[in-house]
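**Q** I'd like to ask some things about the structure below.
The values are calculated or read from the model by the stated rules, or taken from the named source; none is laboratory data. Small disclaimer: the values here were computed from a predicted structure and weren't measured. Here the Cβ positions follow ideal geometry from the backbone for every residue, glycine too, while neighbour counts run over all protein chains shown.
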Amino acid sequence: MRVFISSVRRELEEERDALPGLISALGHTPVRFEDFTAQTLPSREACLKGVTSAEVYVLILGPRYGDPLPDTGQSPTHDEWIAAKTAGMPRLVYRKLGVTFEPAQEEFVRSIGDYGTGVFYETFATTAELQTKVAAKLRELESAGNPLAFMPLPRPMTVTWRSDFEDRRGSTPSLPAAVEVHVLPATGTNRPARVMAELEQLLPARLRASGQVHAADPLTATRQGGAVVVTVPVRSSR
């Protein structure tokens, strides 16, 4: 996995320099701005591209927020956080203990840990403790299986929707509102049972991460022949 390391460098130098070797030793690829070579892209764009090229995002929170950019009013680290959140990748957050956070950083931390829209984060007091916690989480992600990979379709795909079955029977469609997710073999070959089982687990999580369903909605994933169907309950408008 490609693992992006995000933080302000000031007062987190030791932690930032300790993680790449750990990540490499675990068999993954660390990505951080210190290792970027000369590029034609602006530095900010290169960092954001580094985020989206990764599969895991690691955020280290220290006392400094960073210098806000004129157009967004946010620090580069804050922009990287938003990019990782938008991409829907796993985000691992670690807050340093025993330091005084400046007001802007306190507000950033508050938004990250917000119960409704944020994530739970871990704390650490030493670099060794940070390494131990990051290693444990990366092993956990590794054992969870590979994320879905998105690739352009080689040709338009034909999908048979639920309403099509009603039309073929000559009846008037009377189906309730539903979200249909169809998984089709793009190469024309059947997917192995192992792959379909992984999709059955991953699709609901991906649907939640996209923000298209309410966090409290129970999603039901079932395999029907060569397809995985995710059923989303209809929420009452009352």
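**Q** In the set 55, 34, 80, which member is touching a Phe, Trp or Tyr at 6+ places or on another chain (Cβ under 8 Å) and touching a residue at least 12 places away in the same chain (Cβ under 8 Å)?
**A** 80
Table: residues versus (1) surrounded by 14 or more Cβ atoms within 10 Å (Cβ to Cβ); (2) not charged (D, E, K, R).
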| site | (1), (2) |
| --- | --- |
| 96 | yes, no |
| 100 | no, yes |
| 105 | yes, yes |
| 110 | no, no |
| 115 | no, yes |
| 121 | yes, yes |
| 125 | no, yes |
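**Q** Right, next: Only one residue in 83, 135, 54 is modelled with pLDDT of 95 or more, small (Gly, Ala, Ser) and either out of contact with any Pro (no Cβ under 8 Å at 6 or more places or on another chain) or not in a loop (DSSP other than H, G, I, E, B) (or both), so which one is that?
**A** 135
**Q** Would you mind finding the one in 38, 46 that is of a type in the set (A, V, I, L, M, F, W, C), assigned to a loop (DSSP other than H, G, I, E, B) and at pLDDT below 90?
**A** 38
**Q** Anything in the range 88-132 that is aromatic (Phe, Trp, Tyr) and either within 18 Å of residue 58 (Cβ to Cβ) or assigned to a strand (DSSP E or B) (or both)? List them, or say none.
**A** The answer is 94, 108, 120, 121, 124.
This table checks each residue for (1) at pLDDT 70 or above; (2) over 28 Å from residue 86 (Cα atoms); (3) not polar (S, T, N, Q).
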{"residue": "165", "(1), (2), (3)": "no, yes, yes"}
{"residue": "175", "(1), (2), (3)": "no, yes, yes"}
{"residue": "178", "(1), (2), (3)": "no, no, yes"}
{"residue": "185", "(1), (2), (3)": "no, no, yes"}
{"residue": "191", "(1), (2), (3)": "no, yes, yes"}
{"residue": "194", "(1), (2), (3)": "yes, yes, yes"}
{"residue": "202", "(1), (2), (3)": "yes, no, yes"}
{"residue": "207", "(1), (2), (3)": "yes, no, yes"}
{"residue": "220", "(1), (2), (3)": "yes, no, no"}
